[in-house]
Structures are given as C-alpha cells and as structure tokens.
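First comes the structure, then the notes that go with it.
The values are calculated or read from the model by the stated rules, or taken from the named source; none is laboratory data. Given the structure is predicted, the values throughout are model-derived calculations rather than measurements. Heads up, the Cβs are rebuilt from the backbone with ideal geometry, glycines too, and the neighbour counts pull from every protein chain shown. Heavy atoms of the whole protein, side chains included, go into the accessibility calculation; ligands, DNA and RNA do not. Shrake-Rupley method; radii C 1.70, N 1.55, O 1.52, S 1.80 Å.
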Amino acid sequence: MSSIVQKTNGIKLKFDNIDQKLSPEYFNIIFRYLPTNRDLYSCSLVNRYWANCAIPILWESPFKINNVYNLFPKVVQIYLAFIQIEKFHNDFSVNRPLYDYPSFLKELPFDRFLNSAITNNYPETLIVELFKILSNRSVMLRRFDLCQLHLSYDNLITHQVLPQLLNYSSLFKRLSYLNCTYHLDVEEAQQTLKAQIFNALANSCHNIINIKATVWSRDEAIALANLICSQKWLKRVSLVNSNESASFSVQSLQSQAGSLNNLTFKNMHRDLNLNKSLSNRAKFKPTEFKLNDKSIYSLLKCNNITKLKFKHCEGLYNFPTECNYTFPNLTSLEYIYGNYKIHDVAPPIEILSNIIKMNGKTIENIIFDWHSRNPPDCTQLIKNIAECTINLGHLKTPLYTLEQLALILQTQNHLKNLDIYIGNRINPYCALFLFINMPFNNLKNSIIQLYFDGCQNHRPEFDQLNQIFEQIFYKNYQINNFILRQCFWPNLLKREKEELVKHFPSLKINISRERSRYSLNSDILSDRYNELT
C-alpha cells in the first residue's frame, strides 16, 4: 500500500512541476490538439489547475463529441441550473456548479439544443430563459447551425422559439460559421422565418467566413444575398438543395470577390434516393442546378476562387459553353454525381473540359466521380487534363479507353496520387502494362489506386500479373502504395493473391464479390478535399 501511495505522490509531484513551468496559455494550446473529447475530459480530472484549462474547451461545444453533434439532454439540464441561481442568487443553500458553464459556449447547434429541451419537456418560456442566461454572460458564438437533418419537425416550437433567439443580437457579433440548411413542414412559416434569420444576422454580424445555406423562395434568396453583401471577409459559400432562386444569392458573391476562395454547390438533383443521409424528415426537394446569366457573370468575377465543387448537381450540362470560365487562382475542381445504383445521364464533359483548359496552369487537384451506364465521350476532357495542367498533383477520374489512360500516364510529371476507375471495355492486363514506363517524378509518397469494373471477358492469369508487377516495381521502386481493386476475378485464387502481395510489399489487391464503385470504399485516399460537405 505504501508503494502505491509513493507512486501516486510521485506522479502528482511531476504534474505539479509541469503546472509550475507551463502557463495556462500553453495548456490551452496543448489541450486543443488532443484527438478526442474523452482525452480532454481525462485531463480535467488530473487536478484543479488542469481542470481550469480543460473545462472551458469542453464546454465551448458541449453538444459535439469528436466532431459529431449529438443529442445530450443533460447539457440543457445543467444550463437550467443557472436559472435557479439567477432567481435565488442571494440564497447560499442553492447547489452551485463549480464552473460558469454557459459562459464558455462558442458553438450552438440549434437543432440539438432545441431537441434536448423538448426531450426534457421544457416549455417555451424556459428555453427563452436560457437565451437570456447566454446573453447576460456576454456569450459570443463563433458557429451557429440550423441543420436540416436533425430538426424536430413535429413540434411547432421550432419557429416559435427561434425568432426570440434572434432578438439577442449580441450572441452573433463574432459569428464566423453559419449553417442554415433546414426545411420545415409549414412552407409559409419556413419562408418567412428563413428570410427573417438572414436579415437579422445581416444586421448583427459582419465577420462570417463560412456560409452554408438553402434557399427556396425569392425572399429567402434576397435575404441571403443581403447577408452575403454585409460581410467583411467571406471566404466560403456552399449552396445546398436550392432551386433557381439561388441565382439571386450567387449574384451577390461579386461583393465578396476579394475574399471568396471556396464555392460549393450540392444536392441539386431530382433523385430522392441519391442521398441516403437525407431522411424523410429532411424534406429533401428535388430540383435542378440552375443559374441565370447574371449569376454566372457574377460568379466569373470572383477571381480569388481556389476551390470549385459540384456534388450531386443535375443540370450543369445546360450551362452556356461559350462562356470564358476563367478563375485565375483555381487549384481544385470537383464534380461528383451518383453512386453505383444511380447513374449520371449526362455528365457535363464540355463544361468541365473548358474549365480545365482555361485554368490548367493553376489546377493541382481534379476529382471526377460520375457514374454512367453509357460511357461518355471524355477523350477531349482527358486531353485537356494531360496537356493543360502543369502542376497536377491529385487526379481521380473515370477512364474508358487505353488511349485516355496512356494520355494521363505519359504527360503528368507532378502526380502524387492517382485514383482511376477503368471501364469494363479495357483489358486489365493492357492497362497495367502501360504503368511499366510511366514517367512519374514524385513516386516516393505516391498512391496509385485502380478500380477495374469487373470485366468478365478479360481475366489476367496469375503469371501475367506476376510478370507485369515485377516490371512495374523494378522500374518504379519508389512506389509505396499500388492498390488494385476489382469485382470478380475468378482466375486469381486466394493463395495466388496472398503470394503476389507477399512478393510485392507495396501492392494491395482487393477483390469484392459485390459490385461497388471505388469511391465508396477507398483504402488509403482520404476525402480531404471535401471540406464543405
């Protein structure tokens, strides 16, 4: 027992020495780099000094655990304890919390906050009292979320309480992130309330950096345009599930041409089954991606855009091809549509090709992930990628001919990550053979991932694969990750697969019995380019 006490005292002495050497500012920096909230909570239990540094960070975003927002009724229960303190502030018999938790709040997911209150059966008056508690403590939010996935649609308290929160404008003076992508069952209430939210925020906060919004009426779009114009330094905008009214909001982006660098359009399509994450409560509305001529002209005036992304946007092929789609600082271009069950009828090949041709000197990342039953004619697009991009480091795209694959492999000298879906018309052995003499210069940290579309007519034998990979790795010994994916290769037995992988340590082979696109199950490549999704 004495040895345990001595060890405990020794550990405590070490912590005390650390506390004496490091100021709270250093602990604040260290604690913010901890990977999980559980680690942060464990630090708060070490001693009072550590707790004073860790608790404020934990309660900046009390509804979020490891970057995922969750429903925590106890958070609201703790907040309500401060209402009792306000009423009986002279009564020392009241059990007072150790910390002033409401004063630490920085991120408010309103849907989670409200649903937590509804779960506890708190009436509207108590929820408004909580708003007063936050305002009295001079809380200034940096993030405010009204997300369409989690809002309680069956309770009309939503659009009764929210306007009262907006009356406390001081909460939003330092707001830097706004997510307003919700829908309500009551259309008139939604349109009025959404416009009211945008107008109220336009009057109270002018430091928003990131806006993610949905608009479905002219009033909403005009109000969002006013909010965009009222900002000093807006950098990122994402329009989600919006109809043609979005043109009014896009026109206002010209006012932020000096700062806007990231633009995303998402979920503007007519297939209700495309997004599994959108539940019935989300009230997803089928639409098409439409912008009028004025909005396109305003968009092209935003010369500082570095990232342009279209995710599940149907109708981009209707854009005028004669426009000069020039973005002088564009470094990342993404077009994603469909999945292995839902196909893109008409990928906007010509539009994407024009964008690459106009901006090839600056583009570093290209991600194309469309799913088509009939292979589109994308040879010109591939030629533009091969001939116009001089700094391309990351490429993900479907290819349908050996000519297209050869164009990519012969001309790209800066590629570090190559992720290719190879159509079923290409012989896998011929495709792999092209990699023998690829002239890549940055293979040391490269990732090459190939997905063969389960072609039954072309099945490489074990000896063929062994010979081809021996030549590939002999001439390109610096390759670290060469990933081979295919559905149905009956000729390649499990024993043969294990022998290949053992002989070539940098090779990975994944053969699935279920057809699925490579983009759904990537082994190594992370989705690091999809920040606004």
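Between residue 37 and residue 318, the simple spin-label model (points 7 angstrom out along Cα→Cβ) gives 4.3 nm. With kT/(6 pi eta Rh) evaluated at 37 °C and eta = 0.692 mPa s, and Rh the Kirkwood radius from Cα pairs, the stretch 206-330 diffuses with a coefficient of 222 µm²/s according to Stokes-Einstein. Diagonalising the gyration tensor over the Cα atoms of the stretch 271-358 and scaling each eigenvalue by 5 before taking the square root yields semi-axes of 26, 14, 13 Å, largest first.
How much length, in nm to one decimal, is gained on full extension between residue 121 and residue 402, taken as 0.36 nm per residue of separation minus their Cα-Cα distance? Working shown, then result.
Values: separation 281, 0.36 × 281 = 101.16 nm, distance 6.37 nm.
Answer, rounded to one decimal: 94.8 nm.
Taking a point 7 Å out from the Cα of residue 329 in the direction of its Cβ, the residues of the stretch 238-262 whose backbone N falls within less than 20 Å of it are 238-239, 250-262. Each 10 Å bin from 0 upward holds the following percent of the Cα-Cα pairs of the stretch 343-453: 14, 50, 32, 4. Distance in nm between label sites at residue 427 and residue 501, each 7 Å beyond Cα in the beta-carbon direction? Label at residue 427, label at residue 501, 2.8 nm between them.
Net charge of the neighbourhood of residue 213, taken over other residues with C-beta under 12 Å away and scored Lys/Arg +1, Asp/Glu -1, is +2. Give the residues of the stretch 231-263 whose amide nitrogen is closer than 17 Å to a point set 7 Å from the Cα of residue 271 in the direction of its Cβ. Only 241 fall inside the zone, counting backbone N under 17 Å.
Between residue 83 and residue 374, the FRET efficiency from the beta-carbon distance, with R0 = 41 Å, is close to 0.05.
Taking all protein chains into account, the per residue accessible area for the stretch 264-344 stands at 44 Å² (1.4 Å probe). Principal semi-axes of the equivalent ellipsoid, √(5λ) from the alpha carbon gyration tensor of the stretch 169-271, are 20, 17, 11 Å from largest down.
Restricting to DSSP loop positions (anything but H, G, I, E, B) with no more than 15 other Cβ atoms inside 10 Å of their own Cβ, which chymotrypsin sites (Phe, Trp or Tyr not before Pro) remain in the stretch 254-349?
Numbers: sites: 265, 284, 289, 297, 310, 317, 325, 335, 337, 340; in loops: 284, 289, 325, 340.
Of the chymotrypsin sites (Phe, Trp or Tyr not before Pro), the ones in loops of the stretch 254-349 whose Cβ has at most 15 other Cβ atoms within 10 Å are 340.
Using a Förster distance of 25 angstrom, determine the FRET efficiency expected from the C-beta separation of residue 285 and residue 159, and round it to 0.05. Could the numbers behind the result be given before it?
On the way: r = 18 Å, r/R0 = 0.72.
FRET efficiency, residue 285 to residue 159: 0.90.
The distance between label points at residue 350 and residue 257 comes to 2.7 nm (points 7 Å beyond Cα on the Cα→Cβ vector).
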